[in-house]
Amino acid sequence: MTVSIYNTKSGKKEVFSPLEKGHIKLYVCGITAYDFCHIGHARSTLVFDMIVNYLRYKGYKVTYVRNFTDIDDKIIKRAREQHTTTEELANRFIDAFHEDMKSLGNTPPTLEPKATENIPEIIKMIEDLIANGFAYAVDGDVYYKVANFDEYGKLSRRNLDDMMAGARISINEQKQNPMDFALWKSSKPGEPVWDSPWGGGRPGWHIECSAMSRKYLGDSFDIHGGGKDLIFPHHENEIAQSEAASGKPFAATWIHHGFVTIKDEKMSKSLGNFLTIREILEKYPAEVLRFFVFSTHYRTPLDFSETAMKDAEAGLDRLNTCLAEISQLPKEGNPDQKSAAGKKNITKITSLTERFVKAMDNDFNSAQAMGHIFDAVKALNTIKQALPASPAESDLTLLHSGAKTIRELAAIMGLLKKDPLLYIKEKQDKIISRLDITEAEIDNLLQERNKAREQKNWARADEIRDQLLCHNVEIKDSSEGTTWQVKI
RNA sequence: GGCGGCGUAGCCAAGUGGCUAAGGCAGUGGUCUGCAAAACCAUUAUUCAUCGGUUCAAAUCCGAUCGCCGCCUCCA
């Protein structure tokens, strides 16, 4: 009935209930817009898309905010390299991001605020922090004073002393404590600049999320999410800022998803081992990527490989094949015919929704939920295979309603959205277009083969079949004649 | 060094105290076929990194060991 979510803050799975009945407020840290997004970013958006879809499926109203960081050091550096403005650069990659989201088939968030459009709110929050004794200004910069926030480290489960011992902190004379972090940075000549009580400058990275979540969701809200790498320092600092400014608890539940890895190493800009979303979508349909992402639990690392994508594609084909074949079955059955369905298989189909929901309620276990879908597919296939020439009314009803349920549930993950017959046809067409043989040539060869088969010249018939197979054309002999399809 | 996580069949991946250790891919066997292919069905872990411990009962809890990964610096 209720959803349980693993909360980073407590380190445990907790039964979830929103602060405001029936209405969930969710803030997710979005991208810094200075480059194309890679599949690690894709996983993030996909995971939260699935979570939001599921919560809405459960009947909640969900306000989903995902920000853009459109001003920071990396953007300034990249804009300079490209001889453009930070604004142009950021907008260009925000547009690219929106294109990627559309290609992936994600539902847009309720709001997508940008840091630069919320400067007054950011300044107000810094003023609050100074007034409350949690921040100090030095020569046009403003820093957060971590020593004054007793609970600093509560999210990432570390304490100031341990972090100091880690000692990979750059020395900054202006800071009272090396762990203090910038809320406002004074601008150097040529850098973008906004007026503030401390002089011209720009916001630090962490403060924008505190200011925007407060503006759009309030001081306290339900869920805050992002990648595991954001736990420290970004989210730790957000808590410190927001709670020190408001005196109220910040996000109740923290969701952090795992990384995408390549050969078991984190995909990252610095390692240069990343693949962009558009590179992947050139090779694979979006649903294949979605299938791949959701076949692993969101907190587990996800290792990207060609093999994994091929497996995902094969799995998706299996689902679509099943649904396509059922869709071609008649709607009306024979009321006098005996049912061909076994009790066990009927239960597998009728209990699908219940099992799916149970899996998803358990910390959005999409991998298990998909397992249940496949379980139902097997049952549908078994029944379908056992169907007599004039199938029973009850069997057809069961198959059609089972297929409908599968598509409804899969839609939560953004899967099986396309008509399955169309999916298969498009896939074939795409491959035919790349084929090194024309349809006319195929037809000619098939005619020749049919003649050979009539004469029982099996050697020649097999020879032609092998010849076509070399071109990836598979043929299928049946009582109604020979058909062909492209090997997929 | 501090903190966190992971190690389940050939590969991927659920399961976190007790019914037969989900599901997918690949493989093998079968149905079908002139033989095939496709599709479908069946089948594939006495065992969950290793070693101890707790318990009537552990993949699941505790401890140790080995291996891998992440955060502590920009990062989804």
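The values are calculated or read from the model by the stated rules, or taken from the named source; none is laboratory data. Owing to the predicted nature of the structure, the values given are computational and were not obtained by experimental measurement. Positions of Cβ are generated from backbone atoms using ideal geometry, with glycine treated the same way; all protein chains shown enter the neighbour counts. We work out accessible area using only protein heavy atoms, side chains counted, and drop any ligands, DNA or RNA first. Shrake-Rupley method; radii C 1.70, N 1.55, O 1.52, S 1.80 Å.
For the condition open to solvent by 20 Å² or more (accessible area, probe 1.4 Å) and touching a His at 6+ places or on another chain (Cβ under 9 Å), what is the one hit in A:Lys310, A:Lys338, A:Lys331, A:Lys283? Before you say what the answer is, go through the steps one by one.
Working: A:Lys310 fails: touching a His at 6+ places or on another chain (Cβ under 9 Å); A:Lys338 fails: touching a His at 6+ places or on another chain (Cβ under 9 Å); A:Lys283 fails: touching a His at 6+ places or on another chain (Cβ under 9 Å).
Among A:Lys310, A:Lys338, A:Lys331, A:Lys283, only A:Lys331 is open to solvent by 20 Å² or more (accessible area, probe 1.4 Å) and touching a His at 6+ places or on another chain (Cβ under 9 Å).
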> Among the residues of the range A:222-240, is any assigned to a loop (DSSP other than H, G, I, E, B) and either more than 26 Å from the chain's Cα centre (by Cα) or among the aliphatic types (A, V, I, L, M) (or both)?
Replying inline: no
> Quick one: A:Ile277 ticks every box in (1) buried (at least 17 other Cβ atoms within 10 Å of the Cβ); (2) within 12 Å of RNA strand B (Cβ to nearest atom); (3) in the same structural domain as A:Tyr34 (by TED's automatic domain parsing) bar one, so which box is it?
Replying inline: (3)
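Does at least one position in the range A:57-74 carry a residue that is β-branched (Val, Ile, Thr) and assigned to a helix (DSSP H, G or I)?
Pass one, the range A:57-74, residues β-branched (Val, Ile, Thr): A:62-63, A:65, A:69, A:71.
Next, from what is left, pick out any that are assigned to a helix (DSSP H, G or I): none.
Within the range A:57-74 (the criterion being β-branched (Val, Ile, Thr) and assigned to a helix (DSSP H, G or I)), the answer is no, since none of the residues qualifies.
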>> Just to check your reading of the model, which residue among A:Lys417, A:Lys425, A:Lys430 is within 15 Å of RNA strand B (Cβ to nearest atom) and of a type in the set (D, E, K, R)?
In response: A:Lys425
> For residues in the range A:74-105 being more than 14 Å from RNA strand B (Cβ to nearest atom) and within 19 Å of A:Phe48 (Cα to Cα), which is least open to solvent (accessible area, probe 1.4 Å)?
Replying inline: A:Gly105
> From the list A:Phe232, A:Phe294, which one is hydrophobic (A, V, I, L, M, F, W, C) and open to solvent by 10 Å² or more (accessible area, probe 1.4 Å)?
Replying inline: A:Phe232
> Could you give every pair whose Cβ atoms fall below 7 Å, whose first residue belongs to the range A:1-23 and is touching a residue at least 40 places away in the same chain (Cβ under 8 Å) and assigned to a loop (DSSP other than H, G, I, E, B), and whose second residue is open to solvent by less than 80 Å² (accessible area, probe 1.4 Å) and small (Gly, Ala, Ser), counting only separations of at least 6 or pairs across chains?
Replying inline: A:Phe16/A:Ser4; A:Leu19/A:Ser220; A:Leu19/A:Ala252
> Looking at (1) more than 20 Å from A:Glu208 (Cβ to Cβ); (2) polar (S, T, N, Q); (3) at pLDDT 90 or above, which is the only condition A:Asn172 fails?
Replying inline: (3)
>> Of everything in the range A:418-472, what is open to solvent by 70 Å² or more (accessible area, probe 1.4 Å) and of a type in the set (Val, Ile, Thr)? Give them in sequence order.
In response: A:Thr438
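Hey, could you check the range A:359-399 for residues that are part of a loop (DSSP other than H, G, I, E, B) and touching a residue at least 40 places away in the same chain (Cβ under 8 Å) and say which is nearest to RNA strand B (Cβ to nearest atom)?
Going through the range A:359-399, the residues part of a loop (DSSP other than H, G, I, E, B) turn out to be A:363-365, A:387-391.
Among the residues that remain, those that are also touching a residue at least 40 places away in the same chain (Cβ under 8 Å) are: A:363-365, A:387-388, A:390-391.
On the way: A:Asp363: 7, A:Phe364: 10, A:Asn365: 5, A:Leu387: 11, A:Pro388: 14, A:Ser390: 19, A:Pro391: 15 Å.
Ranking the candidates gives A:Asn365 first.
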> Filtering the range A:169-226 down to residues that are aromatic (Phe, Trp, Tyr) and crowded, with 20+ Cβ neighbours inside 10 Å, which residue is farthest from A:Ala42 (Cα to Cα)?
Replying inline: A:Trp198
> Hey, does the range A:301-310 have a residue that's assigned to a helix (DSSP H, G or I) and more than 8 Å from RNA strand B (Cβ to nearest atom)?
Replying inline: yes
